[in-house]
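Notes to accompany the following structure.
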Amino acid sequence: MSDNERVALAFSGGLDTTVCVPLLKEEYGYDEVIGVTVDVGQPEAEFAEAEETAEALNLEHYVVDAKDEFADLCFDAVRANASYQGYPLGTALARPVIATAILEVAEEQGCTGLAHGCTGKGNDQLRFEAVWRDSDMEVIAPVRELGLTREFEQEYAAERDLPVEGGDEGKYSIDTNLWSRSIEGSELEEPSYVPPEDIYEWTTAPTGETRELEIGFENGYPVSLDGEAMEPVELTQTLNDLAGDYGVGRSDIMEDRMLGLKVRENYEHPAATVLLNAHQALEDLVLTKEERSFKKQIDHEWSEKGYQGLVNAPLVGALEGFIEETQTRVTGSVTIRLEGGQARPVGRSSQFAVYSAEAASFNTEDVIGGIEQDDATGVAKYHGFQERLANRVIDSQKEE
Ligand code: ARG
């Protein structure tokens with residue numbers, strides 16, 4: 001390796017990424033490590049921690065704000081009603097955004113390597129590397145490649161006096177961004193263990209209180225709250241606060257990871273739940289039956305690619321062609337009632353509603369397209385015709 005080889009590390013200031021800093025020099029021969037923290041809407045305290053740890057480590061540290069790009073991707077996910085096994089994909093969608101931002105810093109800073117602190121069991125290693133392996137840089141995953149355990153990391157940090165606050169970051173492994181907060185580890189791994197209330201930070205246990213709010217959509221994108229226009233980041237943050245107070249957006253699921261592991265996962269995602277429910281309600285009003293049913297398959301495929309961290313796949317572009325075509329009519333508004341931990345659509349309106357009062361009502365002589373009530377007689381005669389024919393054949397064979 002030539003002089004002054006630099007490596008860019010995805011840096012959070014937590015135990016995993018902190019021990020990676022000396023390891024990248026000692027075990028991988030790099031001269032300089034730079035730490036990059038990408039802002040996808042983590043709480044302020046996480047940046048403070050990253051900043052402090054970087055200082056104590058004497059680490060050259062960069063913070064990149066990618067909140068807008070990330071929120072835009074989350075809103076693309078809304079148009080695709082995206083969810084994987086009940087999880088609205090916060091961590092999964094954030095990874096390609098983070099990986100891309102780190103790659104850009106690495107290029108600007110003349111790095112020849114890229115490193116992350118993910119383990120070999122999770123999904124995040126795959127999502128990061130799917131982006132990074134398109135570059136010519138060396139991709140390094142010290143925790144996975146050196147087979148590090150938490151105990152080893154704690155001892156290593158203690159020996160070297162690394163700034164990890166006793167090496168303990170709390171009981172659970174938590175990943176937070178604008179779209180969701182995941183809580184993993186410790187007793188929560190056991191599927192039968194009932195999570196205590198204190199794992200939740202964004203949501204309070206539902207009370208009897210209710211509240212209604214109106215979400216406006218344009219071309220399938222959420223654009224306003226109670227008539228006030230808002231940008232994606234602000235709308236998401238506002239709804240996380242607002243709906244979180246009504247206990248909306250908790251999920252406790254069994255999740256099938258990409259490598260085949262089945263794991264218990266807990267999440268909080270109040271804004272995602274409100275926006276996904278509202279969007280679905282508006283589609284139900286404006287799309288035809290066939291569009292609704294076919295779009296479920298499109299949405300499913302989008303969600304799979306989203307979970308894999310492969311939102312740049314050509315397939316996603318093709319799926320979005322269909323999505324774009326349908327979303328031109330997903331303009332209007334939806335009233336959501338926050339109640340008992342649910343965000344339930346209780347009203348919807350759109351200039352593109354397929355619903356017609358005249359057509360649906362029994363109390364009108366008005367006809368649409370020249371159709372009168374009696375025209376259904378012929379349809380009613382034919383309905384079930386083939387089934388009746390088939391059943392006659394079956395019955396006559398039974399008699400033989
Ligand atoms: N299971 C979720 C996913 O794969 C959440 C992962 C949380 N990641 C983390 N580094 N704590 O998207």
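Residue count for the range 84-101, restricted to those that are more than 11 Å from the ligand (Cβ to nearest atom) and under 13 Å from the mean Cα position of the chain (by Cα): 3.
Yes/no per residue for (1) more than 16 Å from the ligand (Cβ to nearest atom); (2) in contact with a helix residue (DSSP H, G or I) (Cβ under 6 Å, 6 or more places away or on another chain); (3) part of a strand (DSSP E or B); (4) of a type in the set (Gly, Ala, Ser):
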residue: Pro191; (1), (2), (3), (4): no, no, no, no
residue: Pro206; (1), (2), (3), (4): yes, no, no, no
residue: Glu212; (1), (2), (3), (4): yes, no, yes, no
residue: Val233; (1), (2), (3), (4): yes, yes, no, no
residue: Leu242; (1), (2), (3), (4): yes, no, no, no
residue: Tyr246; (1), (2), (3), (4): yes, no, no, no
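Suppose we filter the range 306-329 for residues that are within 21 Å of the chain's Cα centre (by Cα) and open to solvent by less than 40 Å² (accessible area, probe 1.4 Å); how many remain?
Looking only at the range 306-329, we keep the residues that are within 21 Å of the chain's Cα centre (by Cα), and these are 306-324, 327.
So of that shortlist, the ones also open to solvent by less than 40 Å² (accessible area, probe 1.4 Å) come out as 306-307, 309, 311, 313, 316, 319, 323, 327.
Here the count works out to 9.
Table: residues versus (1) touching a residue at least 40 places away in the same chain (Cβ under 8 Å); (2) of a type in the set (Lys, Arg); (3) within 16 Å of the ligand (Cβ to nearest atom).
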| site | (1), (2), (3) |
| --- | --- |
| Tyr156 | yes, no, no |
| Glu159 | no, no, no |
| Glu187 | no, no, no |
| Ile199 | yes, no, yes |
| Asn219 | yes, no, no |
| Val223 | no, no, no |
| Met230 | no, no, no |
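Residue count for the range 112-143 satisfying the condition of being farther than 18 Å from Leu24 by Cα and touching a residue at least 24 places away in the same chain (Cβ under 8 Å): 9.
If the condition is being surrounded by 24 or more Cβ atoms within 10 Å (Cβ to Cβ) and either closer than 18 Å to Gly249 by Cα or more than 12 Å from the ligand (Cβ to nearest atom) (or both), then the range 102-123 contributes Ile102, Ala106, Cys111, Leu114, Ala115. If you filter the range 279-294 down to residues that are in a helix (DSSP H, G or I) and touching a residue at least 40 places away in the same chain (Cβ under 8 Å), you find that the one that is surrounded by the most Cβ atoms within 10 Å (Cβ to Cβ) is Leu282.
So which residues in the range 238-264 are within 14 Å of the chain's Cα centre (by Cα) and either surrounded by fewer than 16 Cβ atoms within 10 Å (Cβ to Cβ) or of a type in the set (Gly, Ala, Ser) (or both)? Of everything in the range 238-264, those that are within 14 Å of the chain's Cα centre (by Cα) and either surrounded by fewer than 16 Cβ atoms within 10 Å (Cβ to Cβ) or of a type in the set (Gly, Ala, Ser) (or both) turn out to be Gly249, Ser251. Residue count for the range 2-11, restricted to those that are touching an Asp or Glu at 6+ places or on another chain (Cβ under 9 Å), surrounded by fewer than 23 Cβ atoms within 10 Å (Cβ to Cβ) and either at negative phi or free of Cβ contacts under 8 Å to residues at least 12 places away in the same chain (or both): 3.
Looking at the range 265-278, is at least one residue in a helix (DSSP H, G or I) and either within 16 Å of the ligand (Cβ to nearest atom) or open to solvent by 40 Å² or more (accessible area, probe 1.4 Å) (or both)? Yes - at least one qualifying residue is present in the range 265-278.
Which of the residues spanning the range 132-165 are assigned to a helix (DSSP H, G or I) and open to solvent by less than 30 Å² (accessible area, probe 1.4 Å)? Show your work before the answer.
If we filter the range 132-165 for residues that are assigned to a helix (DSSP H, G or I), which is where we start, we get 132, 142-145, 150-159, 165.
Answer for the range 132-165, where residues must be assigned to a helix (DSSP H, G or I) and open to solvent by less than 30 Å² (accessible area, probe 1.4 Å): Trp132, Pro142, Val143, Glu153, Tyr156, Ala157.
The residue of the range 206-237 that is surrounded by the most Cβ atoms within 10 Å (Cβ to Cβ), among those that are farther than 22 Å from Ala353 by Cβ and within 22 Å of the chain's Cα centre (by Cα), is Thr236. Being open to solvent by less than 20 Å² (accessible area, probe 1.4 Å), closer than 30 Å to Glu372 by Cβ and among the hydrophobic types (A, V, I, L, M, F, W, C) is a property that Val334 lacks.
The values are calculated or read from the model by the stated rules, or taken from the named source; none is laboratory data. Not measured: the values here are computed from a predicted model. Using ideal geometry, Cβ is built from the backbone for each residue, glycine included, and neighbour counts are taken over all protein chains shown. Ligands, DNA and RNA are stripped out before the accessible areas are found, and what is left, the full protein with its side chains, is counted by its heavy atoms. Shrake-Rupley method; radii C 1.70, N 1.55, O 1.52, S 1.80 Å.
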